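One structure is given here, and the rest of the page talks about it.
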């Protein structure tokens, strides 16, 4: 992974000093609350219901064991012994003291980490496929491009006060999109043109939130070296012409929609004409320099599927089940990619304790070249595990409570912190997750249901990505009471789609029963091997509506 | 006399912003862009004469993009770019375009809700003058230009991104 040089380190150190100074001036009363707000937000600090929340950047989800240990230390020393992985592959602390945040940033800087632009109306953490670099089907490793974007976006002088937040995702796999690229303000799909040259298909104007929209193609092919000048052009157009009068209409998706993608593209292209041959064009030496940080680790020449591994699969059903769901093929024979679900019953999705993080760091060292990844589904990955050692790894992970064999299943849900922590939320989301985990705890049933994305958000801001869940749950406030709206048919992969609302919302205590009813319709109607989303696409909304809202109370609004 | 930051120093402000319907004198005066754009015939001639004498400045207000002024900018001794609220970042793009695209070399001044923590960004986008909000501490402000010693991006003062400065 990328290793800072003196320049990178100096920038982060200077950032710590800058934020310490800002905090001092705030605590001295020299910066009023409303002016401190964007300063602290650009450093990932929200003031929540009980305490500030500090969001640490995990650039494109990459972590080494030293960084994991530092995160665990901070959870232990400054929080209440746990931390929370978010849907932007970042890590959040829910209980730090405001005045201690600069000190925490100082500790993070020691391991080349920061909280830069993890919130606020600026360019946020760039995300990508959690399997980047280790799967055979990707075109090239997307992480060097993410790092190039990270450096360019860090304290960009022109784009620190955009109309609204700005999120970029990069995908390098044709036919699969684990980064939800088209739900981003800008999506970069790495491709080759007919001449075999590397470049990008550039999308803009996607996003979740109040008005979920899939992005549109702005440019079919952009050469590799033009990445940053083109991003400059897009964001310069947005910075000048994006709406600033209404924060719900301020994302770039609203501008693209208002202008039409053709007109928007014309403006971008006209801007880019001025920029494309300037110094912002990436020299091949810089591309090579960044790529050289993402070379392969020292893989051994191994045979695929060694007998120690296949024997364990044959003799231990529970291990086989975990492998079936949570382990996927690696590009190198004899290696595997293992995902560890942070979705234990009784804990909030994405939550980990300090001791789990410490232990996971040890697992990374022991089994995966000292590196790990966080995912936008709020799980952790060890990407380079020898198949022969998977059984031992699984046993250790099981002891830590990190080996739930439920990846991609109903209970591998995405969930925001919701009204329990977040001041923006309309409703709590964690109790819904917990109720569903309790209702659906039969592993055989879950495996029989197969792949289902169930996503929960506590409000319109959609941190829980409810729009793109096959089943989406959105917390709404009705005259001071918390209700939950269900949507069906959302999807986040290559066939991304925004879910449609099923009907009137429900009280919290009915949610487990409602989800059960929806699943019953699927189980009843599915044709061999169909996943939930495939059945939904075939039979449509009506069958689900009829089951959930029987005729006699179809008029009754919750 | 009001004080501003000019070329990283505290300086006296020699300019006055005049209302759209106020008559102009031979002093250093700034008019809103809308007045300049609307002027015709003899009125415009008078403004051009005053501009060429170096005593007319122009102010881009919220929503006035730099391309409205474009190469016409070159004749002015002063261009103000208004920040209606500190969180409104349009002025950063306006400044870069004036400097980098339209060749403006005169005084480029940020006015309005201009606060200490924006100064470093403003300097990088080409502002060499800042009329800070009245409650800001100017003695502190002159230290606001040293925050980062080697930023990643190109800017108006150095067109090379860090990747062209690294070695």
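Any read-out appearing in this document is the output of simple, stated calculations on the displayed coordinates, not a laboratory observation. Keep in mind the model is a prediction, meaning the values are calculated, not measured. Cβ atoms come from the backbone with ideal geometry, glycine included; neighbour counts cover every protein chain shown.
Rounded to the nearest 0.05, what FRET efficiency do residue A:509 and residue B:138 have when you use their Cβ-Cβ distance and R0 = 56 Å? Kindly include the intermediate steps, with their values, before the conclusion.
On the way: r = 60 Å, r/R0 = 1.07.
Computed FRET efficiency for residue A:509 and residue B:138 comes out at 0.40.
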Tell me the label-point distance for the pair residue A:530, residue A:424, using the 7 Å Cα-to-Cβ offset, in nm and rounded to one decimal. 3.7 nm
In degrees from 0 to 90, rounded to the nearest 10, what is the angle of the helix B:41-52 Cα long axis to the longest principal axis of chain B? 40 degrees
If you stretched the chain out fully between residue A:77 and residue A:27, how much longer would it get, using 0.36 nm times the residue separation minus the C-alpha to C-alpha distance? 15.8 nm
How much length is gained if the chain between residue A:285 and residue A:5 is pulled fully straight, taking 0.36 nm per residue apart and subtracting their Cα-Cα distance, in nm to one decimal? 99.2 nm
Largest to smallest principal axis extent of the C-alpha atoms in chain B, angstrom: 56, 34, 27
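Mean shadow of the range A:307-399, computed from the convex hull of its alpha carbons, in nm²? Show your work: numbers first, answer last.
Numbers: hull surface 24.1 nm².
Projected area, direction-averaged: 6.0 nm².
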Need one number: nm distance between label points at residue A:539 and residue A:270, each 7 Å from Cα along Cα→Cβ, rounded to one decimal. 5.2 nm
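How many percent of all Cα-Cα pairs in the range A:325-376 sit more than 19 Å apart?
Working: 450 of 1326 pairs.
Considering the range A:325-376, 34 percent of its Cα-Cα pairs are separated by more than 19 Å.
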Quick calc: nm separation of the 7 Å Cα→Cβ label points for residue A:500 and residue B:38 -> 5.1 nm
When you look at the Cβ of every residue in B:83-91, what mean number of other chain Cβ atoms sits within 10 Å? 5
Taking every DSSP bridge whose two residues both lie in the protein assembly as shown, the antiparallel percent to the nearest 5 is 65 percent
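State the three equivalent ellipsoid semi-axes of the range A:414-553, derived from the C-alpha gyration tensor as the square roots of 5 times its eigenvalues, in descending order and whole Å. Could you put the intermediate results ahead of the total?
Details: eigenvalues 110, 53, 45 Å².
Values for the range A:414-553, descending: 23, 16, 15 Å.
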Could you sort the peptides A:220-230, A:410-420, A:203-213 by per-residue average Cβ neighbour count (10 Å cutoff), highest mean leading? A:410-420, A:203-213, A:220-230
Projected area averaged over all directions for the convex hull of the alpha carbon atoms of chain A, nm², comes out at 26.2 nm²
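If we sort A:456-469, B:12-25, B:49-62 on the protection proxy, mean other Cβ atoms within 10 Å, highest first, what's the order?
In descending order of packing, they fall as A:456-469, B:49-62, B:12-25.
Could you compute Rg(Cα) / (2.2 N^0.38 Å) for the range A:6-110, with N its residue count?
Values: Rg = 13.6 Å, N = 105, 2.2 N^0.38 = 12.9 Å.
After normalising by residue count via 2.2 N^0.38 Å, the value is 1.05.
Can you put B:93, A:429 in order of Cβ neighbours within 10 angstrom, beginning with the fewest? Please report the intermediate quantities before stating the final value.
Details: B:93 23, A:429 34.
Sorted ascending by nearby Cβ count, the order is B:93, A:429.
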Could you rank the peptides B:148-157, A:304-313 by their average count of other C-beta atoms within 10 Å per residue, with the highest value first? B:148-157, A:304-313
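Across peptide A:275-282, what mean number of C-beta atoms from other chains lies inside 10 Å of a residue's C-beta? Please list the in-between numbers first.
On the way: counts 2, 0, 0, 5, 8, 7, 2, 3.
Rounded to a whole number, the mean comes out at 3.
Can you give the direction-averaged projected area of the convex hull of the alpha-carbon atoms in the range A:189-332, in nm²?
Values: hull surface 56.4 nm².
Mean shadow area of the hull around the Cα atoms is 14.1 nm².
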Kindly state, to the nearest 0.05, the FRET efficiency for residue B:105 paired with residue A:176, given R0 = 45 Å and r defined as their beta-carbon distance. 0.30
Give me the percent relative contact order of the range A:414-553, please, defined on Cα pairs under 8 angstrom at least 6 residues apart. 19 percent
Residue-averaged beta-carbon neighbours from other chains (10 angstrom radius) around B:92-101: 4
